[in-house]
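Everything below concerns the one structure shown next.
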Amino acid sequence: MTREFSFDVSWLPLSYGPPAISATAASLTIRVGDQIATRNDDDWSKSIENSARLALYPLACWLADCWWRLRWESEPSARYLPGSDWRMAHELAAAGHGFLWPNLTFASDSQSVLVVGHPTNPLSEEPVRFLADFAESIPADVFEREVDNLLGLVLARLRALGQEDTGLQSLWNEVCNERRDPELATRCRFEAVLGFDPQEAPQGLLDRMISLSNRAGEQAAEEIAPACAGPDPAGALNAIEKIASLPGIKGTQGPANTLRKELRPSPASPFMPWERGRSLARDVRLSYGWNGQPLSDESVASLLGIREADLKPSRSDSVAPVVGLAVRESGNAMRLHFRKRNRAGLRFEAVRLLCDELIAPDSDQWLSATDSRTSRQKVQRAFAAQLLCPIEHLDEFLSGDYTQERIEDAAEHFGISPLAISSHLANNHRISRWANTL
């Protein structure tokens, strides 16, 4: 994760177009870590430039209008491709007004903001072709600070040139007021993670999310909300609440409580989510003396105080749950509701819920394993992969052979899915995320 993120601005003389556009003509350089997102091949100057000549008024309007979704909404889960609504709120090109913007996408995991830059198609005949190709995560507080600074700079420029009556000031004031008011901020945050623009989510849905926050825990509700995003958020929430009301599998918080006292895991740290997950998994393995051997179903079940038989696939004609869920109860008891229907999936999901039990605040009564891409879900996935299949021992098993057949052998050996093996390898930079392993 890099803490370097900035909008570097050099104002240009008044330009053509409407007054607010003319007043904010500038040479803009966007830096993300070591990357210069605005680096471009400029046909007009016949040179490679680090900055782009743009008007900052449309950029400021887009940042203000989409602030809540940029700050809190994650990428859609693998079940959905990003729709036009998501792209308009997360892709810089949506700033529009006829300017050529860098091909940048912003997506939050609640703790950080991922910035992805893609180069302009080399076959494009546009006079300015952007060159940057990168993906960098920046801390959410750094993102907030730099967006605040840019908005302040643009508004000051407009005032200085007598163009303050543009609507941008009132829009930004509204956002700032929402951020300062805890109740409004909570509602706006739920709207964002559910995929709605401010004041566009159904009031009934928001009220239900606030109610869920009171019953399940504030952070627990914020994890469940992204799992409800999609074509029918109310229906998804209905399904999750129904799951939580069922008897489920009886487990216990006891093993996790013991581990928590020994390891004292922190839900947040300067490290990336997957680094936190891997580190915690290594500590758990060390605590149990498991070294690198594959974990039996009995060992996995013992971590949650359930029976080995509870990890056996069972035939069911019912619709699979929307999320994996554990409900904390009094006396260290838990009710577990698994979503997966096969042995490898059940093992992986059980370990994810153990991770959530280790890192969730005491105020969370519900623990969830979802398809969403929040920081907490990323920690869970990395923890489960490393606990069930330590990367060092996966390396030994594969010995550099990343064919599909060998990956399937590893999956059987460690008791997780071939897809989880491939993802684990990609996340640890053993193979490309887009590698063909056939």
Q: Starting from the Cα of Gln199, step 7 Å along the direction of its Cβ; do the same at Asp232; then give the gap between the two resulting points in nm.
A: 3.1
**Q.** Rg/Rh ratio calculated on Cα atoms of region 249-388 (Kirkwood radius)
**A.** 0.93
**Q.** Lys/Arg +1, Asp/Glu -1 at C-beta; the chain dipole; positive extreme among Ala89, Ala185, Trp68
**A.** Ala185
Q: Rounded to whole Å and sorted largest first, list the principal axis extents of the Cα atoms in the chain.
A: 73, 51, 41
Q | For the chain, size of Cβ-based charge dipole, Lys and Arg +1, Asp and Glu -1, in debye | A | 1020
**Q.** Charge tally in the Cβ shell below 12 Å around Leu150, where Lys, Arg are +1 and Asp, Glu are -1, Leu150 excluded
**A.** -2
Q | Neighbourhood net charge (11 Å Cβ-Cβ; Lys/Arg +1, Asp/Glu -1) for Gly400 | A | -1
Q. Convex hull volume of the Cα atoms in region 139-186, per residue, in Å³?
A. 64
Q | Positive dipole terminus of the chain, leading residue within Leu28, Asn428, Val113 (C-beta point charges) | A | Asn428
Q. What does the charge dipole of region 170-315 about its Cα centre add up to, to the nearest 20 debye, if the Cβ of each Lys and Arg holds +1 and the Cβ of each Asp and Glu holds -1?
A. 720
Q.
Could you check the spin-label model distance between Arg260 and Asp42? Points 7 Å from the Cα along Cα→Cβ, value in nm.
A. 5.6
Q. If you wrap region 1-78's Cα atoms in a convex hull and average its projection over all directions, what's the area in nm²?
A. 7.5
Q.
Just to confirm my numbers, what's the Cα centroid distance between region 129-184 and region 330-360 in Å?
A. 40
Q) Using the Cα gyration tensor of region 5-166, with a ≥ b ≥ c the square roots of its eigenvalues, what is the shape: rounded (a/c below 1.5), prolate (a/b larger than b/c) or oblate (neither)? A) oblate
**Q.** Within the chain, longest stretch clear of exposed trypsin sites (Lys or Arg not before Pro) (DSSP loop, no more than 16 other Cβ within 10 Å)
**A.** 80-306
Q) When Lys and Arg each count +1 and Asp and Glu each count -1, what net charge do the other residues less than 15 Å away from Glu298, Cβ to Cβ, add up to? A) +1
Q: Using the Cα centre as the reference, give the magnitude of the dipole from point charges on the C-beta atoms of region 302-438 (Lys, Arg: +1; Asp, Glu: -1; all else neutral), rounded to the nearest 20 debye.
A: 440
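Taken together, the values in this text are just the output of simple stated rules run on the coordinates, not laboratory data. Fair warning: this is a prediction, and the values are worked out from it, not measured in the lab. We place every Cβ from the backbone using ideal geometry, glycine too, and count neighbours over all the protein chains shown.
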